[in-house]
Amino acid sequence: MRTFNKAAITAVAATIAWAMPVGVAGAITTPFGNIDTGSLGSVGSSAPETEEPGTEVPAPRVALSKSTDLTAAGDTITVSGTGFSGAGSGLYVGLIQDSKYSATDAGAWMTTKWLKPADITGGAWTATIDIAAIKGDSNCLKNTCSIYTVAAHGSADRTQDTKTPVTFK
């Protein structure tokens, strides 16, 4: 029985020693960085890391010159954005029936305007687009629709995607 206990203790100690960084009790290294358990001997701070002041990247925001009671037969609106990166191939902005939204299927868009990277200055841009409530089998009189932005030309960057609801009279 005594041999079994020593073997079990040795196995548990070896497992713990293997999981802990050498000479550091309480700090666990993972692929996501160090996790500070607050034990004696831990390294680092338990305070979250922050970016330098003033380096925060604002979230993309969109404003419309008009978003309600749009003329069903056709209306022109001004769409403005701030907080966009302007990187890559630019942005697409346009009207889509919400239930048909796709960042990659151009056929889902009722109207589209491409903003080239040069059109985005300091994260800001403005575009004028013509929209109508019905196009093909998309119908904003019977379904909810929105002005969407997406990173252009098949970009995998979804941080530039926005949705701003609109209604037609």
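FYI, it's all coordinate maths here, none of it is from the lab. Every value quoted in this text rests on a predicted model; they were computed, and no experiment measured them. Cβ coordinates were reconstructed from backbone atoms using ideal geometry, including for glycine residues, and neighbour counts include every protein chain displayed.
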- Along region 97-109, what does the Karplus equation 6.51 cos²θ - 1.76 cosθ + 1.60 (θ = phi - 60°) give for ³J(HN,Hα), rounded to whole Hz, x for Gly and Pro? 5, 3, 5, 10, 3, 8, 6, 10, 9, 4, x, 6, 7
- Note on the structure: Computed ³J(HN,Hα) along region 64-79: with the Karplus parameters 6.51/-1.76/1.60, θ = phi - 60°, integer Hz and x for glycine or proline, the list is 10, 5, 7, 10, 10, 6, 5, 6, 4, 6, x, 8, 10, 10, 9, 10
- Item | For SER138, residues with placed amide H under 5 Å, excluding near neighbours | none
- Over region 74-169, what relative contact order in percent results from Cα pairs under 8 Å that are six or more residues apart? 36 percent
- Message: Going by average Cβ density within 10 Å per residue, which order do the peptides 86-99, 137-150, 119-132 take, highest to lowest?
- Response: 86-99, 137-150, 119-132
- Other-chain or far-sequence residues with amide H under 5 Å of THR167's (modelled H): THR68, ASP69, LEU70
